[in-house]
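Novice: Got a structure for you, written out below as structure tokens; questions coming shortly.
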Amino acid sequence: MINTAYTGLVVCVLILRFGASAQTTNLDLVKEESFVTYRIVHPLHEIEATSKDVQYVIQADPSTKEIKRVSAQVDVTTFDSGNSNRDSHAMEVIDAITYPEVTFASTSIAQAGDSVNVTGKLTFHGVTKEIVLRGLSTWSDHKLVVHGGFAISLTGFNIERPSLLMIPVEDALTFSIVAAFVWK
């Protein structure tokens, strides 16, 4: 009788554990609320450009509000600064024909309350480096919105810093993201 009770307990624990992990699901991207913006600074002015064509993918467990895996992809030609000449020059600088996409895939995720740090591999201009995206996750009824950002070194990704009046831009290229998701 004890063996049967023990076996039943083990089966219940396994079912509960399997059921909890089965809650992880791909959430649906809300494209019209999601975007990525880059910012670059020159001593004479700052430039921002935004892409609304970024593809974010997230696996999460809405019942525990845990983000399990994140990835993103954006075509560099979809960034718009409001100045087509400047955008064309930016595409030349990063060699958009040879390296048309930027991709990111998480390798680990640390969460504490609403704060989230996503470590992963960013591939940009043919170079892959580990970065940490720091952000905030806001969970509500059937919706998750993540705001976050990170900075990279242009020269670290083998990009020559563009100049204006023979003065180069700062080496830091800062990205801000907003990603909205829903589930049923």
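Novice: So which residues in the range 124-182 are in a loop (DSSP other than H, G, I, E, B), among the acidic types (Asp, Glu) and either within 30 Å of residue 24 (Cβ to Cβ) or touching a residue at least 40 places away in the same chain (Cβ under 8 Å) (or both)?
Specialist: First, the residues of the range 124-182 that are in a loop (DSSP other than H, G, I, E, B): 125-126, 141-142, 154, 158-162, 165-166, 169-171.
Restricting the remaining residues to those that are among the acidic types (Asp, Glu) gives 141, 160, 170-171.
Answer for the range 124-182, where residues must be in a loop (DSSP other than H, G, I, E, B), among the acidic types (Asp, Glu) and either within 30 Å of residue 24 (Cβ to Cβ) or touching a residue at least 40 places away in the same chain (Cβ under 8 Å) (or both): 141, 160, 170.
Novice: How many of the residues making up the range 47-64 are part of a strand (DSSP E or B), surrounded by fewer than 19 Cβ atoms within 10 Å (Cβ to Cβ) and not hydroxyl-bearing (Ser, Thr, Tyr)? If you could, list the steps in order and put the result at the bottom.
Specialist: Within the range 47-64, the first condition is being part of a strand (DSSP E or B), and the residues that meet it are 47-51, 55-61.
Among the residues that remain, those that are also surrounded by fewer than 19 Cβ atoms within 10 Å (Cβ to Cβ) are: 47-48, 50-51, 55, 57, 59, 61.
Now restrict to residues that are not hydroxyl-bearing (Ser, Thr, Tyr): 47-48, 55, 57, 59, 61.
Within the range 47-64, residues that are part of a strand (DSSP E or B), surrounded by fewer than 19 Cβ atoms within 10 Å (Cβ to Cβ) and not hydroxyl-bearing (Ser, Thr, Tyr) number 6.
Novice: Right, something else. Tell me yes or no: at least one residue of the range 81-97 is in contact with a strand residue (DSSP E or B) (Cβ under 8 Å, 6 or more places away or on another chain), part of a strand (DSSP E or B) and either over 18 Å from residue 169 (Cα atoms) or touching a residue at least 60 places away in the same chain (Cβ under 8 Å) (or both).
Specialist: Looking through the range 81-97, none of the residues is in contact with a strand residue (DSSP E or B) (Cβ under 8 Å, 6 or more places away or on another chain), part of a strand (DSSP E or B) and either over 18 Å from residue 169 (Cα atoms) or touching a residue at least 60 places away in the same chain (Cβ under 8 Å) (or both).
Novice: Separate question: Filter the range 101-116 down to the residues that are within 30 Å of residue 77 (Cβ to Cβ) and polar (S, T, N, Q) and list them by number. Lay out the reasoning, then the answer.
Specialist: At the first step, the residues of the range 101-116 found to be within 30 Å of residue 77 (Cβ to Cβ) are 101-107, 109, 116.
Hits for the range 101-116 are 103, 106, 107.
Novice: Also, I was wondering about something else. Looking only at the range 153-181, count how many residues are under 18 Å from the mean Cα position of the chain (by Cα) and surrounded by fewer than 15 Cβ atoms within 10 Å (Cβ to Cβ).
Specialist: 2
Novice: Please pick out the residue among 112, 72, 90, 105 that is within 19 Å of residue 51 (Cβ to Cβ) and either touching a Lys or Arg at 6+ places or on another chain (Cβ under 6 Å) or surrounded by fewer than 17 Cβ atoms within 10 Å (Cβ to Cβ) (or both). Don't jump to the end; show me each part of the working.
Specialist: Numbers: 112 fails: within 19 Å of residue 51 (Cβ to Cβ); 72 fails: either touching a Lys or Arg at 6+ places or on another chain (Cβ under 6 Å) or surrounded by fewer than 17 Cβ atoms within 10 Å (Cβ to Cβ) (or both); 90 fails: either touching a Lys or Arg at 6+ places or on another chain (Cβ under 6 Å) or surrounded by fewer than 17 Cβ atoms within 10 Å (Cβ to Cβ) (or both).
Unique residue meeting the criteria: 105.
Novice: Look through 27, 44 and report the one residue that is over 19 Å from residue 156 (Cβ atoms), surrounded by 14 or more Cβ atoms within 10 Å (Cβ to Cβ), of a type outside the set (D, E, K, R) and touching a residue at least 40 places away in the same chain (Cβ under 8 Å). Working first, answer last.
Specialist: Working: 44 fails: surrounded by 14 or more Cβ atoms within 10 Å (Cβ to Cβ).
It is 27.
All of the numbers you see were taken from the coordinates with simple rules; none came from a lab. Remember, it's a predicted structure, so these values are computed and weren't measured experimentally. Neighbour counts run over all protein chains shown; Cβ positions are idealised from the backbone, glycine included.
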